[in-house]
Amino acid sequence: MGYQSPESIIKSVFGSIAPNTSEGSFERFQLPLADGADYQFWVAYHDGEPQVGAKLLVEPDLYFWYLPFDAYVYKDVDEMDEALKVILEKIAHHKTRIIQKKGILMQSFVCEYFDHGWKKLDRISAFRFSNFSFPAIQQRLCVYHSPALLEPK
C-alpha cells in the first residue's frame, strides 16, 4: 500500500480535518470535539511516528492520556498506519472515557471505549514526582468522558 500521509489517514475516518499546527518535525491535528466532552482528541506526528492523545479542556496544558506508535513495534509503515486507523475508528464511533488514577508513586491514565462493555485502548503512566503537571484530583480516581465523535457505524 505504501506511505499514507497523516491527513489521508485522518480524512479516511473523519472526512475532514481541522488545520494542523507544526513546530519543526512535530505536526499536530485536532480531531472533532464532541458536545459535552471533557477532553478533545488529537493526532500528532514526530519524525514519521504517530501519537494519538487527548487534552483536558479545562486544563489543556497538563499531562493527560496519549498513545505513542513506536516504529520498532510494527513490521512496516503500512502496519503502523493500519493500527492508527483502527484506533481512530474506535474513538470516532464509540463513547470513550479516560480514567486518571493517582497512586503513591505514579499517575496513570487509561483510555477505554464502549462497545458492548468498556474495552481498553491503552494506558500510560508517569512518575508523580517528575516535572510533569497533572490534573489535580481529590480522590484516587477521576473519570473523564466523551460521547462518540461521529455517528456509530
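Where a number appears in this text, it was derived from the coordinates with a stated rule and is not lab data. If you're wondering where the values come from, they're calculated on a predicted model, not measured in any experiment. Note that each Cβ is placed from the backbone with ideal geometry, even for glycine, and that neighbours are counted across all protein chains shown.
Numerical summary
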| item | result |
| --- | --- |
| Lysine pairs with alpha-carbon atoms under 14 Å apart, the chain, spacing 8 or more or separate chains | 7 |
| Charge tally in the Cβ shell below 13 Å around Val143, where Lys, Arg are +1 and Asp, Glu are -1, Val143 excluded | +3 |
| Estimated D of the range 28-85 in µm² per second, where Rh is the Kirkwood radius over Cα pairs and Stokes-Einstein applies at 4 °C, 1.567 mPa s | 105 µm²/s |
| Within-9-Å neighbourhood charge of Gln107 [Cβ basis; K, R +1; D, E -1] | +3 |
| Cα centroid of the range 1-41 to Cα centroid of the range 87-153, whole Å | 19 Å |
| Under 5 Å, built H, 5+ apart or other chain: amide partners of Ala18 | Gln30 |
| CD proxy at 222 nm, helix term only [per DSSP H run n ≥ 4: -39500 (n - 2.57); per residue of the chain; nearest 500] | -5500 deg cm²/dmol |
| Virtual spin-label span in nm between Ile124 and Gln30, 7 Å along Cα→Cβ | 1.8 nm |
| Calculated from backbone phi, Karplus (6.51, -1.76, 1.60) coupling profile of the range 28-43 in Hz, x at Gly/Pro | 10, 10, 7, 8, x, 9, 7, 4, x, 6, 8, 8, 10, 7, 9, 10 |
| Whole-number percent relative contact order across the range 23-153, with pairs defined as alpha carbons under 8 Å at least 6 apart | 25 percent |
| Inter-site label distance for Ser5 and Val86 at 7 Å from Cα along Cβ, in nm | 2.6 nm |
| Counted charge near Lys55, where neighbours are those whose Cβ lies closer than 13 Å (Asp, Glu -1; Lys, Arg +1) | -2 |
| Distance histogram in 5 Å bins (all Cα pairs of the range 1-111, percent per bin) | 2, 10, 21, 24, 20, 13, 6, 2, 0, 0 |
| Percent RCO, i.e. relative contact order, over the range 41-102, from Cα pairs under 8 Å lying at least 6 residues apart | 21 percent |
| Pairwise label distance in nanometres, Leu105 with Val73, each label 7 Å out on the Cα-Cβ vector | 2.3 nm |
